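The next block holds one structure in the form of structure tokens; read it before the comments.
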Amino acid sequence: MGDSSALPDVRHIVVVMMENRSFDNMLGWLYSYRPPHFIPDTPMARFNGLQGLDPARFANPVVLANNQVAYLPPTRGFTPTTMGSATYLAPPPRDPHEEFEHMSRQIYGPWDRNRPPLVGPTGNAPPGAVPTMDSFATDYQNAIGVTASQAEIARVMECATYAQAYPLSILAQAYAVSDAWYSSAPTQTNPNRAFMACGTSQGLVNNASDGIDRFTAPTLWNRLTSLGKSWKIYWENTYLPEVGRQPWTRQCFTQLNGFGDDHFPRMGAFHRDAKLGKLPFFSFIEPSWTLEKAFAGSLEGFQGSDMHPPGDIRPGLQFLSAIYTSLVSNPAAWAKTLLLITFDEHGGTYDHVPPPHDVTPDQAHATGFRFDRVGPRVPTVLVSPMVEPGTVFRSTKPRSGGRSFPYDHTSIPATILKLAGATPDQYGLFDRVKVAPTFEGVLRRAGNPRSDFCLGEAAGEWEREPEATDNDLVRYGDSFRLRYASPGAANGWYVTGASTADGSDLWLTPNVGEAFPFRFTLGYSGQPGLPANAFVRTTGLVYLQWAASWPPDSQNHGYVRVPDDVFRVARYCELGADDGWWYSQWYITNAERRLLGWGLPWGAQVTLEYRALNSSTHWLPRKMIPYATDRQRLAVADDADYASPGVGRWIIERVTSLSDG
């Protein structure tokens, strides 16, 4: 092994790879001021986003259907997409082209200009071509139709505001963000994920038609096994509808075939392991996948949590906040944890920075592309108590010509293997990984980790949570009742009752207290062994549970889920731990203040959103609200209700005895 004496003491590394967003698309408007820390430190450094730039300088020309030329600049803010009565935050509302040929055109220029044509079987850029980053609009027009309006085409130039990108934005400001991290290749998902896993795509420049490729190269996980380091791949759902019941990563990398199912648990196990401080050395997280079939007036396909266009980005943002919340729930383990959030590729969304050249990983060049240049920038955020708040980091590893090797996805295996004690000659993952810059130097507070892991919505509003006692905060397993605090309904307690003989349907009845002594509790993963300080934290995923007897027991304590408009109860014996998590998870938020990772105090106003993404072909935020009838059943909010901040607020109140019900 290499000399690791100077390396930071990192016990848990967590990598989340999302889908198809450029840096400008998600974080271009992140900073309106100069961040306090730059790596490397330079007096004149500025955050390389869109703030302070003249948008007209970066406008993309496009020839409209009437033969007029329009110039479309990058714009601030995503425009919501309305379909029927529902509104989605789905920018852009059609999936841009992401194949290698189209990315080359986005970077180097369109079809109808006096520029050298793209060459080779896949449309490689000609030698000496200069990236102009001015053809995203033209290529998007090609994707959605040449008769598309200027307004429709301009959607690909939209870039999120700070509020729209929350909580990714607050994590980027409260910890560290790289404004110079690039996808490994200017092409699709599978080659880029292969570079992260293997350091090469073995010559593959585009995805297979069914989205599943077979990479035979050794992987990061194989190398960690040889180094004696533990790892798991946590996942939400299969790539295509429940084929094989295994994650995409396991299907695509053949050298993972010899590992058992215990290396590939579902996301419910991640939240349990994080809260118990039992994560392995390396955790890789695979979100559920957004799949588009058509988009003509209605959303067809499957909404995932990966943020892939044209899906709604909000499930992905909730997914990230829940991961962070579970990690910080165990402060002792969190002090030794590094969380990296990145995106596999830019997916055709706009970015203004030309991607640089890099090292060719191997000799697999059947298409004529040498993999000697990287793809456009992608959002990459490094979250750890060992990071100074407000850090912006770039590569400092020198190469010939006064340049630096750029950060790309091969920096992930390089850093992880370095922290595992290996030296570059021991990595065994191709030439790009050997020279990739590593990012352990961003962990400048190693040995003196921060304790301010509870984050408020306003920029800079992160602070240490006040000391809590047993009576201050809600714990997992505590019994509570819900009182509706929003206007438009009786401001009384709402207690669950069963409407069917088997008790499977739950209804909501106001002000009947002792007549229906049913109560809620919160849990995670349905597993025993909760840590002693297991407080419920806001912006996390939880089970919503109910008890048909007092105190609750294993026979009368079940998951609350929503197969339709009625909340139904599934008892523990009917669902395994992972399935129970998948079908029964709720996203809990402190409605009074937008907070990330804070404990939930008794008496707080909360919202509860159902988040079983595989229950339908589309997704909308769905709050728990009561109907306005006398005997009310639980319902989920439509988009109009969701948009109203006063709707769907509940006061969470302790229940200590049967008479309190």
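I416 meets each of the listed conditions (1) in a helix (DSSP H, G or I); (2) open to solvent by 10 Å² or more (accessible area, probe 1.4 Å); (3) within 26 Å of F38 (Cβ to Cβ) apart from (2). Note on the stretch 385-410: residues that are small (G, A, S) and on the phi < 0 side of the Ramachandran plot amount to 3.
Of all residues in the stretch 456-482 being at pLDDT 85 or above and out of contact with any Ser or Thr (no Cβ under 9 Å at 6 or more places or on another chain), which is most open to solvent (accessible area, probe 1.4 Å)? Going through the qualifying residues, I end up with D472.
Flag: L327 does not match the condition of being under 22 Å from the mean Cα position of the chain (by Cα) and within 27 Å of C159 (Cα to Cα). Of all residues in the stretch 30-52, those that are in a loop (DSSP other than H, G, I, E, B) and either without any contact (Cβ under 8 Å) to a residue 40 or more places away in the chain or open to solvent by 30 Å² or more (accessible area, probe 1.4 Å) (or both) total 13. Contact annotation: residue pairs with Cβ atoms under 7 Å, 6 or more positions apart or on different chains, pairing a residue in the stretch 624-637 that is modelled with pLDDT under 65 with a partner that is part of a strand (DSSP E or B) and β-branched (V, I, T), are R631/T509; Q632/T509. Based on what the data block shows, is A165 among the aliphatic types (A, V, I, L, M) and either outside any helix (DSSP H, G or I) or under 25 Å from L30 (Cα atoms) (or both)? Yes; evaluated as a whole, the condition is true for this residue. Just so you know, in the stretch 421-435 the residues that are assigned to a loop (DSSP other than H, G, I, E, B) and either modelled with pLDDT of 95 or more or surrounded by fewer than 17 Cβ atoms within 10 Å (Cβ to Cβ) (or both) include one that is nearest to the chain's Cα centre (by Cα), and it is G421.
Set side by side, the residues T438, T349, T360, T396 differ, and just one is in a loop (DSSP other than H, G, I, E, B), surrounded by fewer than 23 Cβ atoms within 10 Å (Cβ to Cβ) and modelled with pLDDT of 95 or more, which is T438. Is one or more of the residues making up the stretch 247-260 among the small types (G, A, S) and closer than 21 Å to T219 by Cα? Yes, because at least one residue in the stretch 247-260 is among the small types (G, A, S) and closer than 21 Å to T219 by Cα.
Being closer than 20 Å to N48 by Cβ, out of contact with any helix residue (DSSP H, G or I) (no Cβ under 9 Å at 6 or more places or on another chain) and of a type in the set (G, A, S): is that true of A165 here? In short, no.
Quick grid of which residues meet (1) in a helix (DSSP H, G or I); (2) closer than 21 Å to G304 by Cα; (3) of a type in the set (D, E); (4) at pLDDT below 95:
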{"residue": "R94", "(1), (2), (3), (4)": "no, yes, no, yes"}
{"residue": "P110", "(1), (2), (3), (4)": "no, no, no, yes"}
{"residue": "A129", "(1), (2), (3), (4)": "no, no, no, yes"}
{"residue": "L171", "(1), (2), (3), (4)": "yes, no, no, no"}
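Comparison of R373, R403 shows that the only residue that is basic (K, R), touching a residue at least 40 places away in the same chain (Cβ under 8 Å) and buried (at least 17 other Cβ atoms within 10 Å of the Cβ) is R373.
If the condition is being surrounded by 18 or more Cβ atoms within 10 Å (Cβ to Cβ) and either at pLDDT 95 or above or in a loop (DSSP other than H, G, I, E, B) (or both), then the stretch 74-92 contributes P74, F78, A90, P91, P92. Does at least one position in the stretch 154-163 carry a residue that is within 24 Å of P73 (Cβ to Cβ), of a type in the set (D, E) and open to solvent by 20 Å² or more (accessible area, probe 1.4 Å)? No: the stretch 154-163 contains no residue that is within 24 Å of P73 (Cβ to Cβ), of a type in the set (D, E) and open to solvent by 20 Å² or more (accessible area, probe 1.4 Å). The residue of the stretch 581-623 that is most open to solvent (accessible area, probe 1.4 Å), among those that are at pLDDT below 80 and among the hydrophobic types (A, V, I, L, M, F, W, C), is L620.
The values are calculated or read from the model by the stated rules, or taken from the named source; none is laboratory data. Since this is a predicted model, take the numbers as computed values, not measurements. No Cβ is skipped: glycine too gets one built from the backbone with ideal geometry, and neighbour counts run over all protein chains shown. We work out accessible area using only protein heavy atoms, side chains counted, and drop any ligands, DNA or RNA first. Shrake-Rupley method; radii C 1.70, N 1.55, O 1.52, S 1.80 Å.
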